[in-house]
Amino acid sequence: MVAGLAYVIGATTVHKRWFPYAQLKDWKDSVMGPSVEKPRASLFGYFSPDVEVVMVGDSLTQGVIWAEAFNGIAIANRGVGGDTATDIVARMDSILSTRPEVAFIMVGLNDVNLGLSTDEVLDDYTKIVDALQRAGVEVIVQSTIECSADLCGSTLEGIRELNGKLVVLADNRKLVYVDLNRALADEGGLKPAYTYDGIHLTGEGYQAWVDVLSNTMREKVAKLRFADRSRCRQDCMARPRLVRSRTEDTGHAVR
């Protein structure tokens, strides 16, 4: 119950900005210790299917049924409401346990809204990328989705600054960068038609997100499936030769 209360208060603090985040963190640490697993994140230890693609992020990522948005592709949703890049770094095991081939990352708004500098966010973001690449996962960097200027004020400026640094990160690492804001935002930040509260997306907003990702998603999945088929053909060609050689050696069919 206490963990649930902490999660609700934390999420509300991010969106309503009731009082400084540092005070909330001090309260949470004093009551429950410095590391409390969120209810949704606790599910990942019990349900962790092998997938082709994993979606990594906060509540915006959590809000999509990705396997339905991209029907026919094995996708795990590892979005958790209220998460920052720091939180994601702490739960990388639950992301890597899905054994993905490709990971799409979209995170950063909560970090900036909590007062972290864009360099601090980028440092944690880089740790996420490093962990995925060490595991042989191809990383797709998505721009952090902007919020509405009317709601978040200076946070929007921070998100745009962060996105500029994500472009550089992707370029330096030779990663694909997908600019979601070219469809979802304009000079005033997140378009009103795509949000119900200035941060979270409506169905129309999610459709726009899916449309932007569609080509990259299907291209990456097609390539990995082609590679899998190629490996399978090599294996299948090797096995009959082994059977034939054993039959020839013994003079009897191998059963």
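Bear in mind these aren't lab numbers, they're just calculated from the coordinates by the rules spelled out. The structure displayed is predicted, hence computed values, not measured ones. Quick reminder, even Gly has a Cβ in these numbers, built from the backbone with ideal geometry, and neighbours come from all protein chains shown.
Quick notes on this one:
- Compactness check for the range 75-232: Cα Rg over 2.2 N^0.38 Å is 1.05.
- Listed by chain and number, the aspartates and glutamates whose alpha-carbon sits under 17 Å from that of LYS191, ignoring those within fewer than 8 places in the same chain, are GLU146, ASP150, GLU157, ASP179, GLU204, ASP211.
- Set of aspartates and glutamates near LYS220 by C-alpha distance (under 13 Å), chain-local residues within fewer than 8 positions excluded: GLU52, GLU101, GLU138, ASP228
- The residue list LEU151, ILE140, ASN163 was ranked by how far each Cα lies along the charge dipole of the range 102-187 toward its positive end, using unit charges on Cβ atoms, and ILE140 comes out on top.
- Tail fraction, Cα-Cα pairs, the range 28-165, threshold 24 Å, whole percent: 30
- The per residue volume of the convex hull around the alpha-carbon atoms of the range 84-143 is 68 Å³.
- The slack between ALA227 and VAL168, meaning 0.36 nm per residue of separation minus the straight C-alpha distance, is 18.3 nm.
- In terms of other Cβ atoms within 10 Å, GLU187, GLU37, GLU157 run from fewest to most in the order GLU187, GLU157, GLU37.
- Reach of LYS38 by Cα under 16 Å, taken over aspartates and glutamates that are not fewer than 8 positions away in the same chain: ASP29, ASP58, ASP83, ASP87, ASP93
- Difference of contour (0.36 nm per residue) and Cα-Cα distance, GLU204 to ASP123: 25.9 nm
- Estimated from the Cβ-Cβ distance and a Förster radius of 41 angstrom, the FRET efficiency linking ARG182 and TYR46 is about 0.60.
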